[in-house]
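Take a look at the structure set out below.
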Amino acid sequence: MTVKTIGVIGCGLMGSGIAESCARSGFNVIVGELNETFLASGMNRLQKSLNRAVQRHKLEADAAAAAWARISGTVDLQDFADADLVIEAVSENLELKQSLFKTLDAVLRPDVIIASNTSSISIAALAAITQRPHKVLGMHFFNPVPVMQLLELVRGILTSDETMAFAAAIGARLGKTTVVAKDSPGFIVNRLLIPFLIDAIRVYEAGLASKEDIDNGIKLGLAHPMGPLTLCDLVGLDTTLAVADVLYEEYGEPRFKAPPLLRQMVAAALLGRKSGQGFYDYSR
């Protein structure tokens, strides 16, 4: 199927990055949000990201302008009726995603694939809501989407070979390297990453080392681009907690159990970069 228009539902940190990557790769993009306020914020985030890419000489000004011209926004799911692929990028909440998938199933053409950017929720649970379970899969991008090269494709129990091949081809158009995971909580990356992040928070919580020394130890000792506490701030502490809770509920293993400090910080709205304060201060 020829893909001209990609719908992206959710224009937060991940959704805006997905929309930007799609537009920069030549696709027309429809971005959907819950209300006009959220949409305006997301579109502003998108435009700023394109401008930063130009300022950093990662993108020509003409290419940025062309990408921006390919993006439109809406608060009406009916506007996705002409999309050739829809990627859901809303909060990690099963009920919210299922409600959205049910509505999309009624709006979209029968041949259109619905993908979720979920980092932990079962693809089978989302596909079961629809009349097209063979056309549902996970397309899990990584933050920041325009920069990170990985795209994790997640195959549900009923996802067809054709759907997987289609998603891999889209990934190639976006310049991503794709890996394929079975529909198991956390998939590949987060199943390995979350215990690592949780352990780093436990080390800090126990007072065994400063946050700076924890991060520098991992950066310099393991050649990671950033330390685990900085990475938590980038991912968002609320997202880290949500994924950890899904993994712990599914597997019941202590290594997935979120430490009290993480819950306290999320309760206090110390969410990382998105809120201006997490383990580090980003307000200045």
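The values are calculated or read from the model by the stated rules, or taken from the named source; none is laboratory data. As the structure is a computational prediction, the values presented were derived from the model and not from experiment. In this analysis, Cβ positions are derived from the backbone assuming ideal geometry, glycine residues included, and neighbour counts consider all displayed protein chains.
Residues in the range 123-144 that are touching a residue at least 60 places away in the same chain (Cβ under 8 Å) and either touching a strand residue (DSSP E or B) at 6+ places or on another chain (Cβ under 9 Å) or aromatic (F, W, Y) (or both): I123, F141.
Scanning the range 250-282 for residues that are in contact (Cβ under 8 Å) with a residue 60 or more places away in the chain and closer than 20 Å to T118 by Cα yields a total of 5.
Restricting E36, E88, E60 to residues that are out of contact with any strand residue (DSSP E or B) (no Cβ under 6 Å at 6 or more places or on another chain) and closer than 27 Å to A169 by Cα narrows the list to E60. Does any residue of the range 245-268 turn out to be in a helix (DSSP H, G or I), among the β-branched types (V, I, T), under 23 Å from G17 (Cα atoms) and touching a Ser or Thr at 6+ places or on another chain (Cβ under 8 Å)? No, because not a single residue in the range 245-268 is in a helix (DSSP H, G or I), among the β-branched types (V, I, T), under 23 Å from G17 (Cα atoms) and touching a Ser or Thr at 6+ places or on another chain (Cβ under 8 Å).
Residues that are surrounded by fewer than 16 Cβ atoms within 10 Å (Cβ to Cβ) and not assigned by TED's automatic domain parsing to the domain that holds L104 number at least 2 in the following helices (runs of 4 or more DSSP H) confined to the range 121-224: 189-205, 211-222.
Scanning the range 110-146 for residues that are under 13 Å from the mean Cα position of the chain (by Cα) and either among the polar types (S, T, N, Q) or more than 22 Å from L94 (Cβ to Cβ) (or both) yields S116, N117, T118, S119, S120, N143, P144, V145, P146.
Take the conditions assigned by TED's automatic domain parsing to the domain that holds I18, touching a residue at least 40 places away in the same chain (Cβ under 8 Å) and in contact with a Gly (Cβ under 9 Å, 6 or more places away or on another chain) and apply them to S49. Does it pass?
Judged against the criteria, S49 is a match.
What do you reckon, is A83 closer than 29 Å to M164 by Cβ, surrounded by 19 or more Cβ atoms within 10 Å (Cβ to Cβ), modelled with pLDDT of 95 or more and out of contact with any helix residue (DSSP H, G or I) (no Cβ under 8 Å at 6 or more places or on another chain)? For A83, the condition - closer than 29 Å to M164 by Cβ, surrounded by 19 or more Cβ atoms within 10 Å (Cβ to Cβ), modelled with pLDDT of 95 or more and out of contact with any helix residue (DSSP H, G or I) (no Cβ under 8 Å at 6 or more places or on another chain) - is met. Checking the stated criteria, L108 turns out not to satisfy the condition of being loosely packed, with under 15 Cβ neighbours inside 10 Å and under 23 Å from S160 (Cα atoms).
Just to be sure before I move on: is D238 touching a residue at least 12 places away in the same chain (Cβ under 8 Å) and in contact with a Lys or Arg (Cβ under 7 Å, 6 or more places away or on another chain) in the structure I sent?
No: the conditions fail for D238.
All of V90, V31 fail the test of being touching a Gly at 6+ places or on another chain (Cβ under 9 Å) and either assigned to a loop (DSSP other than H, G, I, E, B) or loosely packed, with under 13 Cβ neighbours inside 10 Å (or both), apart from V90.
Residue-wise test of (1) modelled with pLDDT of 95 or more; (2) within 20 Å of the chain's Cα centre (by Cα).
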{"residue": "P259", "(1), (2)": "yes, no"}
{"residue": "R263", "(1), (2)": "yes, no"}
{"residue": "V266", "(1), (2)": "yes, yes"}
{"residue": "G272", "(1), (2)": "yes, yes"}
{"residue": "R284", "(1), (2)": "no, no"}
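A count restricted to the range 215-242 and to residues that are over 16 Å from R273 (Cβ atoms), among the hydrophobic types (A, V, I, L, M, F, W, C) and in contact with a Gly (Cβ under 6 Å, 6 or more places away or on another chain) stands at 1.
Go through the range 15-29 and report how many residues are under 17 Å from the mean Cα position of the chain (by Cα) and either farther than 17 Å from R52 by Cβ or not assigned by TED's automatic domain parsing to the domain that holds K58 (or both).
3
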